[in-house]
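Worksheet for the structure shown next.
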Amino acid sequence: MKTCVIAFILCLPGISLKGQAFSFPDTLLSEYFETDPTPDMAQVPTGDDPNWVNYDGDGIPSLCIDVPLPLPSAWFWDGDLGVMNPQDSNYAFTSCSFLTEPSEKNYNWLITSPIMIPDTSYWLCWRSLSYYGPGYLDGYKVLVADSINGPALNVFKDTLFVAAEMLEDSEPTGSLDVNDYVFSEGYIHANGYTDPAYFFEDNSQGPPFLHGKLEPHAVSLSAYANKKIYIAFLHDSQDDFILQIDNIIVSKNHLVATAAPENVLFLNVIPNPVRDAAYLSWKTGTPQEGRLIVTDNMGKLVTQQSFGSRAEGQIFLQAYNWVPGIYYCTLETAAGHATTKLVKW
């Protein structure tokens, strides 16, 4: 499993005249699901698990994919269902709430390995999609437990994020208007299907529906400074369809962690470190218009510049009056965005 977890390890970069100078890594955990992680995951939580846990809390097989028996009942690895171009390869972790017993509620738990949060600067970031909306919209929760792991022990008491689930269908069925449905409390995908960057109308399978694309989310973990925590993604919809999760990261900078690198082939700053000025160069797979956003290490906007449709370009940055430190340069286009670090000295 391509997972980077740094829980109790401190980096010792050097010793100053005042004593030992410790620094913590910018990223404590990252899972991009580039390969199938299930062989390295435990199937049942034990309370003190060192690895990720993929726990099927309901024990009911799902009906979402056409495969020989046994059908998947827990989370499983699959291609990104939000990719419109089949040639664009991406993978995500997938859970199905369309069960063989539709009267039962789905309980699929994806639980991280333990993470020690050193201070208040860290964020949890991830991307998610509900495949079929607004009808059959899948809801889920992001929960936290400190010290021990185990859903049956009722230790996941803190709720960081709630995604809404469709509760009552439209009359007649098949409406694309969110207002024709009843949802549970929580966030409705793509800001209530008002942000077209994270869905498109799909007419390929009969009646049209709003086909979800992976949408980034970020929440602060400042409340867990100096604590060991487990983070759980609980898919708890009843008789809906498919949910996908991708790019689960615990990082100091939420802009970097939520950045989706689709379509951006190259992004670089020269020179770096920067004294007075620098050039940021980029190249994308297809011509795109967009903008460059530069923020400081606290997420405060420093400068931004827009550019017209092009496949590659260069932007000149005047940095002589910037405070020395770490900055983040984010290239945003409609087809994706990426971030690189800039050091000002």
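Derivation of every value follows stated rules applied to the coordinates shown; laboratory data play no part. Worth saying up front: this structure is predicted, and the values here are computed from it rather than measured. For neighbour counting, all protein chains shown are included, and Cβ atoms are generated from backbone atoms with ideal geometry for every residue, glycine included.
Annotations for the structure displayed:
- For region 3-256: lysine pairs under 16 Å (alpha-carbon distance), excluding those fewer than 8 apart on one chain: 5
- Annotation note: chymotrypsin sites (Phe, Trp or Tyr not before Pro) in region 287-326 located in DSSP loop regions with a Cβ neighbour count of at most 16 within 10 Å are Y320.
- For D58, the residues whose modelled amide H falls within less than 5 Å of its own, excluding neighbours fewer than 5 places apart on the same chain, are Y107.
- What the phi angles of region 302-314 give under the Karplus curve with 6.51, -1.76 and 1.60, with θ = phi - 60°, is a coupling list of 9, 7, 8, 9, 9, 9, x, 5, 6, 8, 7, x, 8 Hz, glycine and proline written as x.
- Calculated FRET value between E185 and D276, using beta carbons and R₀ = 35 Å, to 0.05: 0.10
- Qualifying aspartates and glutamates (Cα of each under 16 Å from Cα of K283; at least 8 residues distant if same chain): E262, E312, E332
- In the chain, a dipole from Cβ-located charges (positive for Lys and Arg, negative for Asp and Glu) runs towards its positive end, and of A152, S113, N272 it is N272 whose Cα lies farthest in that direction.
- Once exposed loop trypsin sites (Lys or Arg not before Pro) are cut out (DSSP; at most 16 other Cβ, 10 Å), longest piece of the chain: 158-274
- The gain in end-to-end length when the W77 to D195 segment is fully stretched comes to 39.8 nm, 0.36 nm per residue minus the alpha carbon separation.
- Between T303 and A152, the FRET efficiency from the beta-carbon distance, with R0 = 51 Å, is close to 0.50.
- Long-range HN-HN contacts of Q238 with modeled amide H, under 5 Å: N106
- Residue among I242, S103, V294 farthest towards the positive dipole end of the chain, charges placed on Cβ: V294
- Highest-MSF residue in the chain out of L221, L28, L280 [GNM, Cα springs under 10 Å]: L280
- Sparse-neighbourhood loop sites, GluC sites (Glu not before Pro) in region 119-200 - DSSP loop, at most 13 other Cβ within 10 angstrom: E185
- Cross-link partners of K344 among aspartates and glutamates (Cα-Cα below 20 Å; sequence separation of 8 or more within a chain): D26, D276, D296
- Under a 5 Å amide H cut-off, with hydrogens placed 1.01 Å from N, T284 pairs with L265, E312 among residues at least 5 apart or on other chains.
- Each Lys and Arg contributes +1 and each Asp and Glu -1, all at the Cβ; summed about the Cα centre of the chain, the dipole is approximately 2160 debye.
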